[in-house]
Amino acid sequence: MKKLIAAAVASSMTAFAMADISITGDAKYEYDLTDSNGTKTTTANTEAHINFTGKSGDTTFVAKFQLVEQGAAATSSTAVDGDFDMEDTYIETSVAGIGIKAGNYASSTSGLAGEIENGGRSHGKVMLSYKLGDIGLYAGNAGDKDSTSGADGGVNNNMFAGASTTVGGQTIQVKKNSESLDSFGIKGSVGGVNYRYEAQDDDTNGDASYAEISTTMNGVTIQYAALDADKPAGLTENDSAVFAVEAGTKTYSDGQDQIAVSTSVDGNNITVKSGTVDKGLSASKDLDYTQLSVSRALTSGATAVITYTDQDVDGGDQQNLEIELNVKF
């Protein structure tokens, strides 16, 4: 009996030791002060992301959770509103050289047309990928995006397919998003100048495009980025990695351009962005903005970020000061 117990304990310990599980994440505290035409408001927000990754051979499972605690005005005694959300949950594996990714996840703004359309999370998303020489092929079903009612929808006929390849250091991408939407993209570097161009042909919302060029000289990076669309509905991205103010959040906007300059001084990363959102205020009035951001890695392992944004609003202008303390683990 003792031998049986010992064998059972040893077996369970071996299984645990062989398990490949990792936990990563990030957390931040934000303090926000906004002065809009003389009316000041302050908010404080704490947000964290916890990511669990489990591996077994060539198969990986990922579960990402978000925890948010947001108060009203910092001077108010009202209750704090908390939120717990399960974000990405998906599995990745391969069968006979075909990569499989299935579950609930969002596409990145660095992906094809990522700065044009909002890559919201979808339920029941499935993607198959295969490498054919220098060409990467993929196809799948986009599933159903999160609904405003909170209910999960079934998998509709949201099929997509695409391909990408690299020629002479330039990456070319094409994608059939749906029956009525096609995407094209090319990016690379020529003579020290990086470029990225992406376009969508949408039978419903018309054409839309994103263009970006950047270069670095003497430690200073200069970037120009622009959006253009036939209709405001063609621009839906509301949380890009490029623009300080999002055209996709404005009702009438069908375009945008921005210049960004960034450098590092004595350990401080400094970025200045200045741009215009076409029809950002109304169907006949543009929105101008300027943003200054300074970040610094602290010896404690955290990073401090101070961001100041000045932009046009109806009847005047708005200044926003955001102080953030974040950490990754």
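The values are calculated or read from the model by the stated rules, or taken from the named source; none is laboratory data. Every value quoted in this text rests on a predicted model; they were computed, and no experiment measured them. Positions of Cβ are generated from backbone atoms using ideal geometry, with glycine treated the same way; all protein chains shown enter the neighbour counts.
When Ser264 is tested against the conditions (1) surrounded by fewer than 15 Cβ atoms within 10 Å (Cβ to Cβ); (2) within 21 Å of the chain's Cα centre (by Cα), the lone failure is (2). Taken together, the residues in segment 190-211 that are of a type outside the set (A, V, I, L, M, F, W, C) and surrounded by fewer than 18 Cβ atoms within 10 Å (Cβ to Cβ) amount to 10. Considering segment 182-261, the qualifying strands (runs of 3 or more DSSP E), each wholly inside and each with 2 or more residues that are among the β-branched types (Val, Ile, Thr), run over 206-217, 220-229.
Scanning segment 262-283 for residues that are within 25 Å of Val305 (Cα to Cα), not aliphatic (A, V, I, L, M) and not in a loop (DSSP other than H, G, I, E, B) turns up Ser262, Thr263, Ser264, Asn268, Asn269, Thr271, Lys273, Ser274, Gly275, Thr276.
Tell me which residues, restricted to segment 115-145, are hydroxyl-bearing (Ser, Thr, Tyr) and either within 18 Å of the chain's Cα centre (by Cα) or part of a loop (DSSP other than H, G, I, E, B) (or both). Ser122, the sole residue that qualifies. Candidates in segment 164-180 are the residues that are small (Gly, Ala, Ser) and either in a loop (DSSP other than H, G, I, E, B) or out of contact with any strand residue (DSSP E or B) (no Cβ under 8 Å at 6 or more places or on another chain) (or both); of these, the one that is nearest to Gly140 (Cα to Cα) is Ser180.
From the list Val95, Val80, exactly one residue is surrounded by fewer than 16 Cβ atoms within 10 Å (Cβ to Cβ) and at pLDDT 90 or above. Which is it?
Details: Val80 fails: at pLDDT 90 or above.
Answer to the selection: Val95.
No other residue among Gly219, Gly191 is over 15 Å from Gly255 (Cβ atoms), touching a residue at least 24 places away in the same chain (Cβ under 8 Å) and of a type outside the set (A, V, I, L, M, F, W, C) apart from Gly219.
Inspection of segment 104-121 identifies at least one residue that is surrounded by 15 or more Cβ atoms within 10 Å (Cβ to Cβ), in contact (Cβ under 8 Å) with a residue 12 or more places away in the chain and farther than 17 Å from Asn177 by Cβ.
Counting just the residues of segment 229-261 that are closer than 30 Å to Asn218 by Cβ and of a type in the set (S, T, N, Q), which one comes out surrounded by the most Cβ atoms within 10 Å (Cβ to Cβ)?
Start the filter on segment 229-261 by keeping residues that are closer than 30 Å to Asn218 by Cβ, which leaves 240-245, 256-261.
Filter again for of a type in the set (S, T, N, Q), leaving 240, 256, 258.
On the way: Ser240: 19, Gln256: 29, Gln258: 22.
The residue in question is Gln256.
Restricting segment 283-329 to residues that are within 26 Å of Asp254 (Cα to Cα), surrounded by fewer than 15 Cβ atoms within 10 Å (Cβ to Cβ) and of a type in the set (A, V, I, L, M) leaves a set whose member that is farthest from the chain's Cα centre (by Cα) is Ala283.
For segment 161-175, the criterion of being among the charged types (D, E, K, R), buried (at least 16 other Cβ atoms within 10 Å of the Cβ) and within 24 Å of Thr249 (Cβ to Cβ) is satisfied by no residue at all.
Considering only residues that are in a strand (DSSP E or B) and without any contact (Cβ under 8 Å) to a residue 24 or more places away in the chain, look in segment 294-326 and name the one that is farthest from Asp35 (Cα to Cα).
To start, the set of residues in segment 294-326 that are in a strand (DSSP E or B) comprises 294-297, 303-313, 316-326.
Subset that is without any contact (Cβ under 8 Å) to a residue 24 or more places away in the chain: 304-308, 310.
Working: Ala304: 22, Val305: 19, Ile306: 16, Thr307: 14, Tyr308: 11, Asp310: 10 Å.
This residue is Ala304.
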